[in-house]
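The values are calculated or read from the model by the stated rules, or taken from the named source; none is laboratory data. Since the model is a prediction, treat every value here as computed from it, not as a measurement. Cβ placement follows ideal geometry from the backbone for every residue including glycine, while neighbour counts extend to all protein chains displayed.
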Amino acid sequence: MGVDLTTDIEHRPDRRPQFRYRARVRWTDPNGGGRKSASSSVPTETEAEAWIARMTRAAARGITPMTLAEYGDENWDLAMRGLETTTLDTCTAGWKLRVIPVLGHIPVTSITNGIADRPCTPGSPTGSASPPSRTASPRSCASWSKPSATASSTSTHHA
C-alpha cells in the first residue's frame, strides 16, 4: 500500500531567501502509470529535508489511503474464509450495523485502538447496549491480520 519515491533537493542561490531550496518528490502513479511530482520551496536545507521526510511517510502509508469501508469491501472474502456460516452471519451483521456506520469513513491508516473500540462501547453514538457476546464486535470478527483464522479463533469475546 504505498508508492516508491525519488527525492531531490535543489539549492537555488539566485532566488529570494524564503525560496532558496526546492524539495521535490516524484513517483509513478500506481493507477494510471504516469509520472507525478510534488515540490515545495523553503528557506533552508533542513526544512527541505523535513518536507521530504513528511512526504516519504505519507507515501509509505499511501498517498490517498482507502477508508475502512473500502478496505472491507476489497478484503472481506479473504478475511472471512474458513468461518462457519453462523459465525460469518454474525460477523457480517456486526460489520454492517456497528463498524461501518461508525468507522467506515475513516482512512485505515488513521484507525487506532481507541477508535476501534468505539463501535462496541455502550453509550457511544452508535454503540449498542447489548454485550459483545450477543453481537459481533470488531475484535471477534476482525481476522484482517490473520486471513487463515478459523471460527474457533475468532469466537473470543471481550467485555
Quick one: would you say P17 is surrounded by 13 or more Cβ atoms within 10 Å (Cβ to Cβ), more than 30 Å from A116 (Cβ to Cβ), out of contact with any strand residue (DSSP E or B) (no Cβ under 6 Å at 6 or more places or on another chain) and not small (G, A, S)? no
Answer residue from the stretch 31-48, given it is closer than 23 Å to T109 by Cα and touching a residue at least 12 places away in the same chain (Cβ under 8 Å) and is surrounded by the most Cβ atoms within 10 Å (Cβ to Cβ) among those: A38
Of the residues T67, T28, which single one is surrounded by 12 or more Cβ atoms within 10 Å (Cβ to Cβ) and closer than 30 Å to T92 by Cβ? T67
Residue within the stretch 52-59 that is surrounded by fewer than 13 Cβ atoms within 10 Å (Cβ to Cβ), small (G, A, S) and under 30 Å from I111 (Cα atoms) present: yes
Mind checking which residues of the stretch 99-118 are surrounded by 15 or more Cβ atoms within 10 Å (Cβ to Cβ) and free of Cβ contacts under 8 Å to residues at least 40 places away in the same chain? V99, I100, V102, L103, G104, I106, A116, D117, R118
Considering each of A48, A79, A53 in turn, give the residue that is outside the structural domain of A116 (by TED's automatic domain parsing), under 30 Å from T112 (Cα atoms), among the small types (G, A, S) and under 22 Å from the mean Cα position of the chain (by Cα). A53
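So that you can scan it fast, the table gives a plain yes or no per residue for (1) in the same structural domain as V99 (by TED's automatic domain parsing); (2) within 30 Å of P101 (Cα to Cα); (3) among the acidic types (D, E):
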{"residue": "E10", "(1), (2), (3)": "no, no, yes"}
{"residue": "R22", "(1), (2), (3)": "no, no, no"}
{"residue": "T28", "(1), (2), (3)": "no, no, no"}
{"residue": "N31", "(1), (2), (3)": "no, yes, no"}
{"residue": "G72", "(1), (2), (3)": "yes, yes, no"}
Is there a residue in the stretch 126-133 that is loosely packed, with under 15 Cβ neighbours inside 10 Å, modelled with pLDDT of 85 or more, more than 17 Å from E74 (Cα to Cα) and not charged (D, E, K, R)? no
